[in-house]
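The values are calculated or read from the model by the stated rules, or taken from the named source; none is laboratory data. A quick note: this is a predicted structure, and the numbers were derived from the prediction, not measured. All Cβ positions, glycine included, derive from the backbone under ideal geometry; neighbour counts span all protein chains shown. Ligands, DNA and RNA are excluded from the accessible area calculation, which covers all protein heavy atoms including side chains. Shrake-Rupley method; radii C 1.70, N 1.55, O 1.52, S 1.80 Å.
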Amino acid sequence: MIFLKQFGSELRKLFGRRRTYVGYGVFLVFELILLITFQLQGVKERQMEFMEQNGLAADEYFSSLTVTFMVMAFSLFLLGSIYFALVSGDIVAKEVEDGNMRMVLARPVSRFRVLLLKFLAVCLYTITFVIFVGITGYAMAVVALGADGGMLAFSPKMKLFAVYPEWGPAMLRLAVAALLIGVSMCTISAVGFFFSCLKMKPATATIMALSVLFLDMVLQEFPIFKPYEANFVTYKMSTWLYAFEAPHFPWAKLADNFSFLIGLDLTLFAIGCVVFQLRDFKT
Amino acid sequence: MKESDERPMIEAKNLRKRFAGKEALKGVSFEVKRGEILGLLGHNGAGKSTSLGILLGMVAPDSGEAAIDGLSVQASRSAALAKVGAIFESPGFYDYLSGWDNLKILTNYSGGVDEALLADVVERVEMTSRIRSRVGTYSHGMRQRLALAQALLPGPEVLLLDEPTDGLDPEGIKWFRDFILDLRAERGMTVLFNSHLLAEVEQMCDRVVILQQGEKVFEGRTGDLEDDHLKLKIDAGPPELVDKVLAEQGWLRQGERIVLPKEADAADFTSSVIQRGGWVREVSPVKRSLEDLYLEMSKGGGR
C-alpha cells in the first residue's frame, strides 16, 4: 500500500512536468506529418507499386492498418529514442541537480526503493507512451483512409514480409507489436536511467545514452560485425517486428530476444543502484 | 528516569571523512540531549554540512558512527530517520507542483500522512492561502516555511537544520527562531542547528559546537561564548590625543577599534578627548564575529 502511494507520487512528479505533455504534442504533430507524407502522390504511388509488385491489391492494403504500422515504426525509432533518453536521463540526475533528491533522501526510505520507484515509473511511462502513439496513429489513419482493408507489414532488415487480409488478426498483431515496442523502448530508458544514476548532469546522461545506442546501431552495419548483428542491442530491439510473422506467432524467437532485453534492463538498473548507493549527497 | 530519557538523542562519534583527498572531518564527536538545541557553528568548509549529511545517511563516513535515539544511521538508516525532520539552506522542491503536492509527495516517502494533519501543519507555518499555488511562484521565505512544514511531517522528535535562515530578511529570521523555540517548548523537540552566524546561534541554542577546518575547536554552553570585553569602533582625533587617552585609561587599540573591559564606560573616553580639544565623530559598539571568536580561540589555544 505504501509502495503504491509512493509509486503514485513518482508518477505525479513525472506527469506534473509540462515537458511531458509537450512530448505528446510533438508526437501527434510528427505522426500527422508522417501521415501526410504517406499520402503524398509520389510516396503513396511507390508504396502501392511495391504492393502490386508483390501480388497484393494496393487499394486493399494501402490501408489505415498498414499506415499505422509504418507510422509507429518510423516515429518511435526516429523521435521516440531521443525522447525516452531525454526523460530517463533526467529521472535521477535532474532531481540530484535540483536538490530534490536531498529532500527525498532525508526521509526514512532506502535508496534502492527510491530508484526502483523511478525505474518502474519510467518504464510505465515508456510503454504507455508507445501505446498512445499507436492509438493516435491508428485514429488519424482511420480518419484519412477509413477503417477497411488488410495490413502489410514489411522490413527488409528483419526479413519480414507479412500480409493480413482480415482486420481482426491484423489488429491483434498490431496491439502485441505496440506492447513489444514499449518493452524494447524500455531498454533506451534503462540505458538513460543507468547514466542518470552516475554523477553527471542530466543532459550528459541523455547524450551518453543516445551515443551508446547510436554506436551500437552503427557498429552492427560494419562488414566485420555483420555476421554478429543479431547480438547487437538495437537489433534485438527491432525484433518486435517478429510479432507479425505468419501464420504462427513466433513465441520462442520473441522470448529469446526479449528475455535478453529485459535482462539487460535489469542489469543496468542493478549497476545504477550500486553506483547510486555509493554516492555521497551533500550541499 | 528511563534509560531512553538519559540517552543522547543525537550522537556523532569520532566522524572522519575525506573528499577527493581533502579531510573534511577529522574525528568530530558531539552529542545532543533530548529537548536540547545544539548549534553547530563554523564557516563554509568547516564540516557542518558533512556532519549533517552523515547524520542523515547521505554521506558515508570513512570511520565513526552517527546515531539518532540510539539507532545507528549507518546500520539501520530508515529506522533511525523515522524520527527526524530536516531542512536545508536551499530546499529543493518540485517547482512545477503546488506546495500541497510537494508535501504529499515528500511525506509519502515516510509512509504518508493524514490530510488533516497536513492541513494543520500548513496552517501552523502560515502557508494556508498559498499552499495550492506552484512552488515556483514562492518567495525564499515561503519556501523556507514550506521546508519547515515538510520537516514537521509526519511528527519528528529531532530536527536537523542546515543554515535554514540564510537569505531570510530579519523579520523572517525572527519568525523562524521563535517558531523553533516554541516547538521545543511545546514538544521537547531536539534540534541540531547548523549556522555560520554567531549571533544566530547565541540567540537560539543551549549549547554550541564550533568546527574549524573539520575539527572541533570548542564545545560548551552558549553563555560561555559571551564576550568579557566590549569592542567599540571609533572615529576620533587627533590620533596622538586619542592614543594618549587610551593609554591613560589602559584600553587597547586594535586598528579602528578599541577594546575595553565590560564594566568600563565609553563616555569617559569621549569626554576626555573633547575636554582636551579633540573631536569625536563616532563611537559605536562592534559585534563580535566568528572570525574574532576563532582568533581569540587560537590565541587562547581554544577554551
>> I want to verify a result. In a Gaussian network model of chain A, Cα cutoff 10 Å, which of these has the top mean-square fluctuation: A:183, A:191, A:142?
In response: A:142
> Under 30 Å Cα-Cα from residue A:13, which lysines qualify once same-chain neighbours fewer than 8 residues away are excluded?
Replying inline: A:5, A:94, A:118, A:199, A:201, A:282, B:83, B:104
>> Using +1 at the C-beta of Lys and Arg and -1 at the C-beta of Asp and Glu, which of A:47, A:8, A:63 has the Cα lying farthest in the positive direction of the dipole of the range A:1-74?
In response: A:8
> In degrees, nearest 10, range 0 to 90: what is the angle between the Cα axis of helix B:140-151 and the longest Cα principal axis of chain B?
Replying inline: 50 degrees
> In what sequence, largest accessible area first, do B:232, A:120 appear using a 1.4 Å probe?
Replying inline: A:120, B:232
> Who wins for biggest fluctuation among A:49, A:245, A:31 in a Gaussian network model of chain A, springs between alpha carbons below 10 Å?
Replying inline: A:49
> Using alpha-carbon positions, what is the distance between the centroids of the range A:99-159 and the range A:162-218, in Å?
Replying inline: 9 Å
> Which angle between 0 and 90 degrees, to the nearest 10, do you get for helix A:64-75 versus the longest principal axis of chain A when only C-alpha atoms count?
Replying inline: 40 degrees
> Between residue B:181 and residue B:18, what FRET efficiency follows from the Cβ-Cβ distance if R0 is 45 Å, with the result rounded to 0.05?
Replying inline: 0.80
> Could you give the dipole magnitude of the range B:6-56 about its Cα centre, charging the beta-carbon of Lys and Arg +1 and that of Asp and Glu -1, in debye to the nearest 20?
Replying inline: 220 debye
>> Between residue A:215 and residue B:137, what is the label-point separation in nm under the 7 Å Cα-to-beta-carbon projection?
In response: 4.6 nm
> When ligands, DNA and RNA are left out and all protein chains stay put, how many square angstrom of accessible area per residue does the range A:2-277 have with a 1.4 Å probe?
Replying inline: 44 Å²
>> Can you show me the helix-derived [θ] at 222 nm for the protein assembly as shown, built from DSSP H runs with n ≥ 4 at -39,500 (n - 2.57) apiece and divided by the number of residues, rounded to the nearest 500.
In response: -17000 deg cm²/dmol
>> For chain B, what does the accessible surface come to per residue with a 1.4 Å probe? Please give it in Å².
In response: 44 Å²
> Amide H to amide H under 5 Å from residue B:37: which residues, 5+ apart in sequence or cross-chain, H placed 1.01 Å off N in plane?
Replying inline: B:191, B:206, B:207
> In square nanometres, what is the average projected area of the Cα convex hull of the range B:6-58?
Replying inline: 4.0 nm²
>> Using only the alpha-carbon atoms, how far is helix A:111-145 inclined from the longest principal axis of chain A? Give it as 0 to 90 degrees, nearest 10.
In response: 20 degrees
> What lysines could a cross-link reach from residue A:253, if we take a straight Cα to Cα line under 19 Å and drop same-chain neighbours fewer than 8 places away?
Replying inline: A:157, A:159, A:236
>> Positive end of the dipole of the range A:2-277, charges at C-beta (+1 Lys, Arg; -1 Asp, Glu), about the Cα centre: which of A:106, A:185, A:171 has its Cα farthest in that direction?
In response: A:106
>> Using a 1.4 Å probe and counting only protein heavy atoms, how much accessible surface gets buried when B and A come together, both sides summed, in Å² to the nearest 100?
In response: 2900 Å²
> In whole percent, how big is the carbon plus sulfur part of the accessible area of the protein assembly as shown, probe 1.4 Å, protein atoms only?
Replying inline: 59 percent
> For the range A:127-217, what relative contact order do you get, as a whole percent, if you take Cα pairs closer than 8 Å and at least 6 residues apart?
Replying inline: 26 percent
> Normalised by the residues of chain A, what does the relative contact order come to in percent, with Cα pairs under 8 Å and at least six apart?
Replying inline: 23 percent
> If the viscosity is 0.890 mPa s and the temperature 25 °C, what translational diffusion coefficient in µm²/s does Stokes-Einstein give for chain A when Rh comes from Kirkwood over Cα pairs?
Replying inline: 122 µm²/s
> Hey, if you put +1 on the Cβ of every Lys and Arg and -1 on every Asp and Glu Cβ in the range B:27-70, which of B:63, B:53, B:27 ends up farthest toward the positive end of that dipole?
Replying inline: B:53
> Once you charge only the Cβ atoms, +1 for Lys and Arg and -1 for Asp and Glu, what is the size of the charge dipole of the range A:2-277 about its Cα centre, to the nearest 20 debye?
Replying inline: 1460 debye
> Can you run phi through the Karplus equation (6.51, -1.76, 1.60; θ = phi - 60°) for the range A:22-39 and list ³J(HN,Hα) in whole Hz, with x for Gly and Pro?
Replying inline: 4, x, 4, x, 4, 5, 4, 5, 5, 4, 4, 4, 4, 4, 5, 4, 5, 8
> What's the percent breakdown of Cα-Cα distances in the protein assembly as shown across 10 Å bins, shortest bin first?
Replying inline: 3, 14, 19, 18, 14, 12, 9, 6, 3, 2, 1, 0
>> On a straight-distance basis, which aspartates and glutamates could pair with residue B:233 in a cross-link, Cα separation under 20 angstrom, same-chain partners fewer than 8 positions away excluded?
In response: B:243, B:248, B:256, B:263, B:265, B:268, B:282, B:291, B:292, B:296
